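K.L.:
Okay, handing you the structure first.
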Amino acid sequence: MPFSPPAGGRFAALALSLAIALSGAAATTGPAVAGAAEATAAIPLFGPLPPRNPASAPNGTATMHGDSASSDTTPYPGPGTAPVSSSRTALASACPTVVVGGDGYPVALCTTIFGRTPTVHLLDPADGTDLASLALPKGSLFGGVYAYLDHEDRLVVVDGEDRLLRIGHHRTGTGWALTVDRATPLGDAIPAGDDIVGLAPAWNGTVWFATTGGVIGTVDPATGAVRTLRTGEGVQNSISTVPGHTAVATDHALYLLSEAPDGSPVVDWRAPYDRGPARKPGQLSWGTGATPSFFGPGDGTEYVTITDNAAPHENLLVYRVADGPRPVCTTPVLTSYAASGTEDAVIASGRSVYVTNTYGYPYPALPAGAPDSRPASAPFEGGLSRVDLDADGTGCHVVWDSPVKSAALPRLSVGDGKIYTVTVSGPTGAAGLNTFAAYHHAVLDPATGTQLTSSRLGIGLLFNPLQMTGTTAPDGTLYQGTETGVLRITRR
């Protein structure tokens, strides 16, 4: 049926060599999926989208995960199933975050391959050309990953000197420039040796943050006052906000928080989860690999979800925001494989949640101090599952399982009713993904999991998306970060 938009993984790579880029555009139809016969023939109307955060850019393009709720949905139609063209902006950097402001200009937050320096790039929406760049003081690996665009199209990020920056892009007499328009020192709020991982704005403009050491804090946008609490648990993913609530997933539990009258963070509830016996291959940390995602069939904020790290198969956990910490849904996912786990946030929309299997996906670099995985390695088999909440909101069930080998975090377009991702074929061992694997722009049917089309992008690390997610601009252009730059995918 036609769609109308409703109203109102964090990776830096250490690459040691370059592969020869091969490209093509042959379209193919994907394999059948288990459970497709049980799915409705007509695509359901997904959504609603979470409410637009007034302190951020519009939904779909404001954050790595699309919006401050981290729904991994977008209101914008993508390139669709027609033949596509792709071009590559070479930046010698892994680019996990590509956001697009109200002026249509993409802004990418990347980490250089050599030196691991976080660098902001402004891209030309016409052809992807790198118009301007700004290197930032470096901190942890994840310090060059999570950021968001505010309501004035400024990139909000924390640098390695523990300064909250708002970086604007401005025309000059000779072109464009990226400048630090505002810097707020966070001072002693960040312990020595600790680094901020996630950032998200509240509806009143307060900036929430979380650190690798488990500090959760707020920054007053007017005064710069910083208030914190310490969980004693590590955080390796971003954080999410909806009106009145902030969600943070540590390596032991999911926290729902709110803001006290003085601006201090307050824990509303804490829900521990099964973190498993060890880090799994295909994950960057020990614990959940998912940023919390808010969703729901009412206003898009009734539920919050993460995956745990149970062995051998992870579980999808869904909580009712008003009731936590007892989950309304706990179900193992991707059980057709010997083991499952994910480094991706889920897609969450309406009553549906989509979970990607990254178990065995080989990353070229791990965060400092990452524990050994158990087992040390495993083949990457991929897989994607759709889980729906039951109509009464007290349980859930798997709708379908797809064998798609997604090398990126997929994104659901509510604008055209399609899931967009990058798939991988060929050798998928540690060396194969960097050198010999082939990558394809793929379009999936969210109702059945069927792969509708596949268009070859190229071979090797030039095209490896490292489980990073793509962002669709309002004009339908899809920007996909890779291990070495940004791909620009458009309808022919």
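The values are calculated or read from the model by the stated rules, or taken from the named source; none is laboratory data. Computed from a predicted model, the values in this text were never measured in an experiment. Quick note on the areas: whole protein, heavy atoms, side chains included, nothing else; ligands and nucleic acids left out. Shrake-Rupley method; radii C 1.70, N 1.55, O 1.52, S 1.80 Å.
K.L.:
HN-Hα J couplings of the stretch 324-339 from phi, Karplus 6.51/-1.76/1.60, θ = phi - 60°, integer Hz, Gly and Pro as x?
P.N.:
Rounded to whole hertz, the list is x, x, 7, x, 8, 9, 9, 9, x, 10, 6, 7, 6, 9, 4, 8.
K.L.:
If you count the DSSP beta bridges with both ends in the chain, what percent of them are antiparallel, to the nearest 5? Provide the component values of the computation, followed by the final result.
P.N.:
Details: 121 of 125 bridges.
So the antiparallel bridges amount to about 95 percent of the total.
K.L.:
Additional query: Under the √(5λ) rule applied to the eigenvalues of the Cα gyration tensor, what semi-axes describe the equivalent ellipsoid of the chain? Give them in Å, descending.
P.N.:
Details: eigenvalues 167, 144, 100 Å².
Values for the chain, descending: 29, 27, 22 Å.
K.L.:
Additional query: Going Cα to Cα from Lys405, which lysines come in below 25 Å? Please leave out same-chain ones fewer than 8 positions away.
P.N.:
The reachable lysines, counting only those whose Cα sits under 25 Å from Lys405, are Lys280, Lys418.
K.L.:
Another question, then. Leaving ligands, DNA and RNA out of it, report the carbon-plus-sulfur percent of the accessible area of the stretch 306-429 at a 1.4 Å probe. Provide the component values of the computation, followed by the final result.
P.N.:
Values: 2030 of 3880 Å².
C and S fraction of accessible area: 52 percent.
K.L.:
Using heavy-atom solvent-accessible surface (probe 1.4 Å) with all chains present, what is the largest-first order of His441, His313, His252?
P.N.:
On the way: His441 5, His313 40, His252 70 Å².
Ranked list, largest accessible area first: His252, His313, His441.
K.L.:
Would you compute, from DSSP H runs of 4+ residues alone, the mean residue ellipticity of the chain at 222 nm, taking -39500 (n - 2.57) per run and dividing by the full residue count, rounded to the nearest 500?
P.N.:
On the way: 1 runs with 6 residues, N = 492.
One gets -500 deg cm²/dmol as the mean residue ellipticity at 222 nm.
K.L.:
Can you give the accessible area per residue of the chain, in Å², using a 1.4 Å probe?
P.N.:
Details: 16150 Å² over 492 residues.
On a per-residue basis, the chain sits at 33 Å².
K.L.:
Can you sort Phe114, Phe294 by solvent-accessible area, 1.4 Å probe, largest first?
P.N.:
Details: Phe114 150, Phe294 0 Å².
Greatest to least solvent exposure: Phe114, Phe294.
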